[in-house]
Amino acid sequence: IYSKPFFLKQSFRTRQNRLQSELFRTLVKIRAASTSQVQVVTVASLCRMRASTFVLSAMTIGWAGAQNNNPTTAAPTTAAPTTPAPSLAPTTHAQLPDCVCRQTWVNNDGLCDTTNPASDYGGIVMRNCPSLTQISLCDVGATVSYCETTTALCKQQYGSSMVGQQWAYCNPNTDKPELPPCTCKSKWKNTDKQCHNKSMSLSGCPTVAELKLCDPDYDEDQSWCETNEKWCQQQENADDEKMEGRGWAYCDAISQETELPACECKSSWTATTEDCTEGVATTFSGCPTGGQMKGCDSDYSSDSDQTWCETTRSRCREQTVHSDGTENMINNSWAYCSPKSGEPELPECECKEHWVHTENKCAANHFTFSNCPSASDLLKCDYTAEQSWCETTFESCKQQNYESDEDGWSYCDSSTGMGEYALCECEDVWYNRAGDCAAGVGSGMKLQGCPTLEELQQCDSSETTAWCESKDARCKGQVGDEIGQGWFACDVNTQGHAETESSSSNVTTAIATSVVATLVFCALFVTVGISVVRRYRYELYSYYAGITPFPNSHELLDTTA
C-alpha cells in the first residue's frame, strides 16, 4: 500500500540503465587509450559527468546493506589508484542527510505518465510536498503524499522501492519528507518479562490487558506492536526510551493503527519572552493552571480548561496544526494540556467561521456554510445527515472520530459552534475477549455489530446487558464506565445505543408531564362547559320569569358578565 507507483520506478530504471550503458562505453574507450595521461583525463571527465551514478550506486549499496544487516563486500581491484579515492557517500543511516523536497518538480507517475494508456495528459508540475488532492491527479487513491527529493539518498527513505530513488513520503502541512507510516505485523510474538521463556502470540495491535499478561507492571495507556518496518514515521525517541529504527511503535487497539507516543509535559520548563504576550519569561512545572499561565498570557484565566506545556518529545500524539498555519505544534515540542488531569490533550474542536462544502450535491456548485449548520441545512449538500458537522480550525482536535481523525472536520453542536462526539457505532467485526474468551484463556469469540445476550454469555455467563466494542473510544451516548473506554451498551434491534436508566427516567418524566398537561386541559374544558350550561339555564329562567330578554349566542358565551 505504501509502494511508489510502478511508472516512477520504471522511468528511474530506464534512466539508470542508460547511464550505465554510457558508463560502459566510456570505460571501453579508456581501456583503448594508449597513454596513462589520456586515461587519467578521461577518468576525471567521467567522474565529473557521471558522479551521480557512482554516488547513487555506493549509497544504495551502503544503505540497503545497513537496513538488511547484510554487509556488502567490495570487489578486489587489480591495481591501486594513483590518487586517493574521494569519499563518495555515507554508509550508515545516522550519516545520511535529511530529505528535502524539491521546490518545483514534475510528477510523471500513474495518470501523468504519457506511456500509460489511461493517461489523458503528461507530467504535472508540483511544488514542495503537494496535497493529497494534487497527488491524486496522477496517483489515484493515494493515501500518503510524496515528493521528489534534492538528493538521491536521504534519511527519510526506507525500502528498496524508495532508497536511492530520489523520492520520499512527505507531510503537506510542513512540506517536510517523512518516513513511511508504521504498520503492525499481522502476527508477532511478545517475549517481554514473564513471556521471555515462553512467548505469547499476538495479532496486530493488542489491548493493554493482553500486554499486561507478559508485563504486569505495564502502566502505559497506549498499546504497542512490532512493526513491518524497522524505521517508520510513528517512532520518536525520548531521553528514557529509544524506539527509532527498532521495529516497534505505539498503536491503538481499537483502530488497529499505529500512532506517535502520547505527549508528556516536562516536569520543569520555561516559556520564553517570545512565548509570553506579556513579555515576561516564566518557569512552570508540568501543565500549568489558567491562573498560573495568566502571568505569561493575559488571555488565560483561572477558569481556563486548557493551557499548554513543553513536551518531552519533539513529536507526539496530541500535537496538531492550525488550518491557517498560525499554530504548529508538530515537531516543535509543545502541546495543549488539561490543568485538571495534568496531561496533554488535543485542542477542543471549533468550527470555522466560514467554510465551503465541495462534495455530494455541492460537488459542482460549492456552498458556503457558517460555523456549525443544522442537520437540515446540511441536506442542501449531503444526501443524509444524522448529525451536524463542520470544518474545524485545527486539522486534529479532541472530538474527531474515526471518519474525521486528522482530516480537519468534526461533528458539532449547532447551538455552540463547538465540536461534539459522533454517535456510538458498533464495530462491524470484533472479538470478545472477556471471561473465558480472554487472551491466555481462550482465543476470543468473533462477533458482529451488537450481539445477543446469549452470544456474550458464551464468554461470560454473568453478563446481563448486550454490549459491543465501538468504532471510537469516546462517542456520543456513552454513560458511566463506558465513557472513553471503547465500548457501550447496545440495542440488538437498532444496533445503536441501548436506552439507559437516565434516558428511561427522562422518557417517563416526559410521559408523566404530558399526562398531567392533558388532565389539566380536560379539567379546564369541563369547567368552562359547566359554566356555560349554568349561565344558559340562568338566562332561560330569567326570560320565562319576565326579568330579562333572551340573550344572543355570543352574549351567552360571554361568561365574564
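The values are calculated or read from the model by the stated rules, or taken from the named source; none is laboratory data. Predicted, not measured: the structure shown is a model, and the values here were computed from it. Note: ideal-geometry Cβ built from the backbone for every residue, glycine included; neighbour counts use all protein chains shown. When the accessible area is computed, the model is the full protein with side chains, heavy atoms only, and any ligands, DNA or RNA have been set aside. Shrake-Rupley method; radii C 1.70, N 1.55, O 1.52, S 1.80 Å.
Quick notes
- Test: residue in region 182-195 that is assigned to a loop (DSSP other than H, G, I, E, B), in contact with a Leu (Cβ under 8 Å, 6 or more places away or on another chain) and more than 30 Å from Tyr431 (Cα to Cα): no
- Selection of region 407-424 for residues being under 10 Å from Glu391 (Cα atoms) and open to solvent by 70 Å² or more (accessible area, probe 1.4 Å) yields only Asp407.
- Listed conditions (1) closer than 22 Å to Ile330 by Cβ; (2) small (Gly, Ala, Ser); (3) touching a Gly at 6+ places or on another chain (Cβ under 6 Å) are all met by Ala168, apart from (3).
- Summed over region 138-160, residues that are charged (D, E, K, R) and either part of a loop (DSSP other than H, G, I, E, B) or in contact with a helix residue (DSSP H, G or I) (Cβ under 8 Å, 6 or more places away or on another chain) (or both) total 2.
- Considering Glu454, Glu386, the condition of being farther than 30 Å from Pro261 by Cβ and assigned to a loop (DSSP other than H, G, I, E, B) is satisfied by Glu386 alone.
- Some residue of region 178-187 being modelled with pLDDT of 95 or more, under 21 Å from Thr258 (Cβ atoms) and basic (Lys, Arg): yes
- Top-ranked residue in region 185-216 [being of a type in the set (Asp, Glu) and surrounded by fewer than 18 Cβ atoms within 10 Å (Cβ to Cβ); ranked as farthest from Arg433 (Cα to Cα)]: Asp192
- Positions within region 191-238 being touching a helix residue (DSSP H, G or I) at 6+ places or on another chain (Cβ under 7 Å) and polar (S, T, N, Q), in sequence order: Ser223
- Residue ID - surrounded by the fewest Cβ atoms within 10 Å (Cβ to Cβ), chosen from residues in region 250-281 that are under 24 Å from Asn228 (Cα atoms) and modelled with pLDDT under 90: Ser255
- Residues (open to solvent by less than 30 Å² (accessible area, probe 1.4 Å) and either of a type in the set (Val, Ile, Thr) or out of contact with any His (no Cβ under 9 Å at 6 or more places or on another chain) (or both)) located in region 360-372: Cys362, Cys372
- Just one residue in the set Ser136, Ser131, Ser119 is out of contact with any strand residue (DSSP E or B) (no Cβ under 9 Å at 6 or more places or on another chain), at pLDDT 90 or above, surrounded by 12 or more Cβ atoms within 10 Å (Cβ to Cβ) and of a type in the set (S, T, N, Q); that residue is Ser136.
- Filtered by the rule that a residue be open to solvent by 40 Å² or more (accessible area, probe 1.4 Å) and within 9 Å of Cys450 (Cβ to Cβ), region 468-500 gives Asp491, Val492, Asn493, Thr494, Gln495.
- Output for region 389-406, where each listed residue is open to solvent by 10 Å² or more (accessible area, probe 1.4 Å) and part of a loop (DSSP other than H, G, I, E, B): Thr393, Glu395, Ser396, Lys398, Gln399, Gln400, Tyr402, Glu403, Asp405, Glu406
- Filtered by the rule that a residue be out of contact with any Leu (no Cβ under 9 Å at 6 or more places or on another chain) and either part of a loop (DSSP other than H, G, I, E, B) or open to solvent by less than 30 Å² (accessible area, probe 1.4 Å) (or both), region 220-243 gives Asp221, Gln222, Thr227, Asn228, Lys230, Asn237, Ala238, Asp239, Asp240, Lys242, Met243.
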